[in-house]
Every structure is written in structure tokens, then in C-alpha cells.
Amino acid sequence: MGRTNSCTIYVGNLPGDIREREVEDLFYKYGRIVDIDLKIPPRPPGYAFVEFEDPRDADDAIYGRDGYNFDGYRLRVELAHGGRGQSYQYERPRSYSSGRRGGVSRRSEYRVLVDGLPSSASWQDLKDHMRRAGDVCFSDVYREAGAIVGIVDYTNYDDMKYAIRKLDGTEFRNAFSRSYIRVREYDARSRSRSRSLSYSRSRSCSRSESPRYLIYSFLSDLHLGFMKALILEYIIS
């Protein structure tokens, strides 16, 4: 396949355990990506070539990602000269991540809560939807009070706020279903209070809604009505 150098960027100083999908996550918002060629040498760091459809998108990606700190690695992003066969010199990173990311996602404090997800939603589906607003570093879904709830962490504050503005009320889709979701900033304290209130309410209501209580209530009402009828008959007679 022919390669237009002005559309292709070189991304250096990547972690040795990075995956192609994570490279895509870094650059997808700058424009349509045609191809990603990820290279992981025996000794880190790794590097990649990312080809965009439009050379202007490549320029934007360089401007936005050169020097970007990715999990303790400061990225080097520039136009690729000479194509994939070009040999690039790179330095070992000065600082490393505190732990391996192979399957273990990073967390951040820039977190949003997503309500209204369909029962078929997976964390991958949620990540694909939410990364329209920025760099997602973690996503998860779980069941709470019979509903599917999502948690999404962004790498920075601006992306988190933009996600709330852009994605709140949007239609979420996957291969099986669709629904309209609500997105709001995650508040751990209010979530803890709401869960405790929900638990206490469910405990206080459980007795009144139990079959045993309903039967007892019915029999009590029946007995009271019978006693009233006897008293009324006695008064009349």
C-alpha cells in the first residue's frame, strides 16, 4: 500500500505492554485513522506509525500528543520520514509506570456516572461510546438496584466536563440494544449516602410488603369487620 508521509506520524517512547487499541484511543479524536503499525522491540520502549486520511489531522495529532505523558511515558510524536522501514533512535524513559497495565486499567479522579444503560451493555461498549468526548482510561459496568450503571474515568478534567455536556441524553447503542443515557459527575459521598438510604428503605418496606404481613393484615381486617357486624346486630335487636 502506498504511503503518504505527510499523513503518517511516528509515535515513540511507548510502554512495552501497550496494545494497538490503546494507540487508537490516543489519536482517534484527531481524525480518521487509516492504519496503525505498532512495533514492540524486545526491550522497551515501543513505537508506532499512525496513518491518517488527512495530513491536517496528522498535524493536529502531533500538536496535541507530542510530549504527552502516557502512563509515565512522555510520548515523542512527529511526522514519519521514510515510512515504516525508517530506523528511529529512541531513549529509554526516565520514569516508568508504578505497575503493569497488561489487562489492568488506570484509574483517575475525573470520573462520571452513567445511568440508563441497557442490560446488554459491556464495559467495552461503554468505553467506545464515552471516548467520543475524550481520553478514557477506565470503564466498567455493574448492576445496582436492578439497573445497569456505568463508571467512566477520563485522563483529564476538561474531557470529563466535555463528556457531561456532550453525551448526557445521547443514544447509547451496541449490537443488541439501544437506550438513552444520563451522564453526570461521580460523587462518591452522595453515592454512598444514596446506597445506604436505599438499603434502609428496602429494609423498612420489606415487612410491609411481605406475603406474611399481607395475610395478617387481611385477616385482621376481616376479624374487625365481623366484630363490627355483631355489635351492630346487637344494637338493632
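The values are calculated or read from the model by the stated rules, or taken from the named source; none is laboratory data. Quick caveat: nothing in here was measured; it's all calculated off a predicted structure. Note: ideal-geometry Cβ built from the backbone for every residue, glycine included; neighbour counts use all protein chains shown. Surface areas here come from the heavy atoms of the whole protein model, side chains and all, with no ligands, DNA or RNA. Shrake-Rupley method; radii C 1.70, N 1.55, O 1.52, S 1.80 Å.
Please calculate how many Å² of accessible area segment 8-79 carries per residue, with a 1.4 Å probe and no DNA, RNA or ligand atoms counted.
In whole numbers, segment 8-79 has 45 Å² accessible per residue.
Summarising the label geometry, the points placed 7 Å from Cα in the beta-carbon direction at Arg178 and Tyr142 lie 3.0 nm from one another. Extending 7 Å from Cα along the Cβ direction at Asp17 and again at Arg56 yields two label points whose distance is 4.0 nm.
Divide the volume of the convex hull around the Cα atoms of segment 8-79 by the residue count and you get 70 Å³ per residue.
Any chance you could run the full-extension gain for Asp35 through Asp115? It's 0.36 nm times the residue separation minus the Cα-Cα distance, nm to one decimal.
Answer, rounded to one decimal: 25.4 nm.
For segment 8-79, carbon and sulfur atoms together expose 44% of the accessible surface, with a 1.4 angstrom probe and every protein chain in place.
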